[in-house]
Amino acid sequence: MLAMNKKNLLGTVCAAVALTALVSSCGDKTTRSTGLEFSRNMYDPLAFNPDQPNANFADGKTAQAPPKGTDPIGFTRFEYANTLEDYVRAGAEVKNPLLVNAENLEKGKALFTTYCSVCHGVEGKGDGPLTKDRSVTDSRGTRQLENFPPPPSYHRTDKANSSRGGFMADLTDGKIYHTIYYGHNSMGSHASQLSPEERWKVVMYVHELQKK
């Protein structure tokens, strides 16, 4: 008899808990409240969101400008301006910090093929597909696409001149890196596409093209 009473009591308690959970989770169609919530602090952030007001700062904003002179984690500063003078200075001062080996050259070739060959060509002769006549056909018919002017060849045998002086085959580490970082003429900056290490691998591979 005692066991039956305990069983009935346990069943009653479970039913009451279930009913309470059900009722608390249902709205009355007059409020947006979701009722009782479990472990709210597990998904409500304790920290401020960047766009939230914040009384801890004088300007009331959470997102603050970083202290002057500091760099984000993983950011490598390039201390040369986008000027001809600093292009020349970088060419004289900046050296590739990476070791020349088969692995870095292979990666540099892959990056060059992906990001550079569309204009410079796979072999660096300035004959990439964007420099050639191209057309597209769609529901509006067939039309010609804009051609980009071909960049000078890197090959020493072609004796191509750089628009900033000297042969393309004589471009140094710093000059190539500066151009990748800032871009030049029709070439846009590739600083956002390539990490500093990847840029240096491309520089390394360009030197291989210069030997041809």
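The values are calculated or read from the model by the stated rules, or taken from the named source; none is laboratory data. What you see is a predicted model; the values in this text were computed from it and never measured. Because the Cβ atoms are built from the backbone with ideal geometry, glycine has one as well, and the counts that use them run over all protein chains shown.
Worth a mention:
- Filter result for Leu111 (modelled with pLDDT under 95, in a helix (DSSP H, G or I) and surrounded by 13 or more Cβ atoms within 10 Å (Cβ to Cβ)): no
- In region 150-204, the qualifying residues are those that are polar (S, T, N, Q) and closer than 15 Å to Ala92 by Cα, and the one that is surrounded by the fewest Cβ atoms within 10 Å (Cβ to Cβ) is Thr172.
- The set of residues in region 64-104 that are of a type in the set (Gly, Ala, Ser), farther than 19 Å from Tyr181 by Cβ and not in a loop (DSSP other than H, G, I, E, B) contains only Ala102.
- Pick from region 88-108, criterion of a type in the set (D, E, K, R) and more than 14 Å from Met204 (Cβ to Cβ), ranking: surrounded by the most Cβ atoms within 10 Å (Cβ to Cβ): Arg89
- Residue count for region 95-150, restricted to those that are of a type in the set (Asp, Glu) and within 18 Å of Lys211 (Cα to Cα): 3
- Residue count for region 114-123 under the criterion of being part of a loop (DSSP other than H, G, I, E, B) and surrounded by 18 or more Cβ atoms within 10 Å (Cβ to Cβ): the result is 2.
- Subset of region 74-120 [without any contact (Cβ under 8 Å) to a residue 12 or more places away in the chain and closer than 30 Å to Glu146 by Cβ]: Thr83, Ala110, Thr113, Thr114, Ser117
- Every condition in (1) modelled with pLDDT under 90; (2) under 27 Å from the mean Cα position of the chain (by Cα) holds for Arg143 except the one numbered (2).
- Residue under evaluation Arg32, criteria (1) exposed (fewer than 10 other Cβ atoms within 10 Å of the Cβ); (2) of a type outside the set (Ser, Thr, Tyr); (3) modelled with pLDDT of 80 or more; (4) at negative phi, criterion not met: (3)
- Subset of region 172-187 (residues that are hydrophobic (A, V, I, L, M, F, W, C) and either without any contact (Cβ under 8 Å) to a residue 24 or more places away in the chain or touching a Phe, Trp or Tyr at 6+ places or on another chain (Cβ under 8 Å) (or both)): Ile180
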